[in-house]
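Undergrad: Pasting a structure below so you can have a look.
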Amino acid sequence: MADDLLVIIPTRGRPQAVPEIVQAWDGTGATADLLFAVDTDDPELAAYKKHAATLKGDGRVRFTFGKRRRLVGTLNQQAVKAAKSYRFLAFMGDDHRPRPAAMPWDARIRECLSGGPGIVYGNDLLQGEAMATAVAMTSDIVDTLEYMAPPTLVHLCVDLVWLDWARGMGRITYLDDMVIEHLHPANGKAAVDAGYEECNSPDQVSSDSAAYYAYRDGGGLEADLVKLRKLVEASK
């Protein structure tokens, strides 16, 4: 594979996040490639395109502009394509920021995943070990399942699925000292905007929760774990 680690960031309505995230890459010494996935109907599209033009010379950073598919749809579309050319894939929200440490966070991801199929996540200073709100995995997981998150989900509960996969595979790594901070209204680190209102609305919470339990308890999770356990066995 030509490249090793791609971080996919679906983003909407927050173009100001782009330079902040790039600054976090610079501040942590990260060499991972970075893909901002932007909707073509985004009200802030012009601002995103301006950032894309400014960052055109940065070989780490790419933008994609496409039809709105919501978070899971966009993530899956980009991850399935990228799995063909990257060894590792990661997801961060546009409200996540990697923080400096003795060893760069992306180097730790590579180190943890170099031994075969697996999933790794760090401390977001909000959910900690309880939820993988930002996550990295070997691309063979995406190749095997043909998605990075169950397509029945829209936005919420994907962090729970990633823990279910990792535990079910027996290939889970939590790094408490690898901080990828989640700047969220729940911890007072972000203001509520249209994006948070939409994804945390009662209807969305109800819909994604129901979809998650249906996946977890209705056979979807077990079917995926059968595939993932075979992947682990084949790698030994």
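Undergrad: Counting pairs of alpha carbon atoms under 8 Å apart in space and at least six apart in sequence, what relative contact order in percent does the chain give?
TA: It rounds to 21 percent for the chain.
Undergrad: Given points 7 Å out from each Cα along the Cα-Cβ axis, report the Asp176 to Glu129 separation in nanometres with one decimal.
TA: With each label point 7 Å from Cα toward Cβ, the separation is 0.7 nm.
Undergrad: Within straight cross-link reach of Lys84, meaning Cα distance under 26 Å, which lysines are found once same-chain residues fewer than 8 apart are removed?
TA: Lys56, Lys67, Lys227, Lys230, Lys236
Undergrad: Ok, one more. Which of Lys189, Lys56 comes first, and how do the rest follow, when ranked by fewest Cβ neighbours within 10 Å?
TA: Lys56, Lys189
Undergrad: Contour minus end-to-end for Ser85 and Leu45, with contour as 0.36 nm per residue of separation and end-to-end as the Cα-Cα distance?
TA: 11.6 nm is the gain from fully extending Ser85 to Leu45.
Undergrad: Taking H as built 1.01 Å from N, whose amide H comes closer than 5 Å to the amide H of Ala134, not counting residues under 5 places away?
TA: Close amide H contacts, sequence-distant or interchain: Gly122.
Undergrad: For Lys81, give me every one of the aspartates and glutamates with a C-alpha distance below 15 angstrom, ignoring sequence neighbours fewer than eight places off in its own chain.
TA: Filter leaves Asp3, Asp4, Asp33, Asp140, Asp143, Glu146.
Undergrad: With a cut-off of at most 14 other beta carbons within 10 Å, and DSSP calling the residue loop, which GluC sites (Glu not before Pro) in segment 85-167 qualify? Please list them.
TA: Answer in residue order: Glu146.
Undergrad: Taking only DSSP H segments of four or more residues, each worth -39500 (n - 2.57), what value at 222 nm results for the chain once the sum is divided by all its residues, to the nearest 500 deg cm²/dmol?
TA: When only DSSP H runs of four or more count, the value is -13000 deg cm²/dmol.
Undergrad: Something else about it: Would you mind calculating the relative contact order of segment 145-236 from Cα pairs under 8 angstrom and at least 6 residues apart, reporting the percent as a whole number?
TA: Once normalised by length, the contact order is 43 percent.
Undergrad: Something else now. Given axes a ≥ b ≥ c from the Cα gyration tensor, I'd like to know whether segment 15-149 is rounded (a/c under 1.5), prolate (a/b larger than b/c) or oblate.
TA: Oblate shape, in that a/c is at least 1.5 and b/c is the bigger or equal ratio.
Undergrad: With both partners inside the chain, how many of the DSSP beta bridges are antiparallel, as a percent to the nearest 5?
TA: 30
Undergrad: Further question on the same structure: Can you give the relative contact order of segment 95-197 as a percent, counting alpha carbon pairs under 8 Å and 6+ residues apart?
TA: 40
Undergrad: While we're on this one: Want the number for Glu198 to Arg70: 0.36 nm per residue separation, take away the alpha-carbon distance, what's left?
TA: 45.0 nm
Undergrad: What ranking do Glu44, Glu197 get, fewest neighbouring Cβ atoms within 10 angstrom at the top?
TA: So the ranking, lowest neighbour count to highest, is Glu197, Glu44.
Each reported figure results from applying straightforward, stated rules to the coordinates on display, with no laboratory input. Just so it is clear, the structure is predicted and the values come from calculations on it, not from any experiment. No Cβ is skipped: glycine too gets one built from the backbone with ideal geometry, and neighbour counts run over all protein chains shown.
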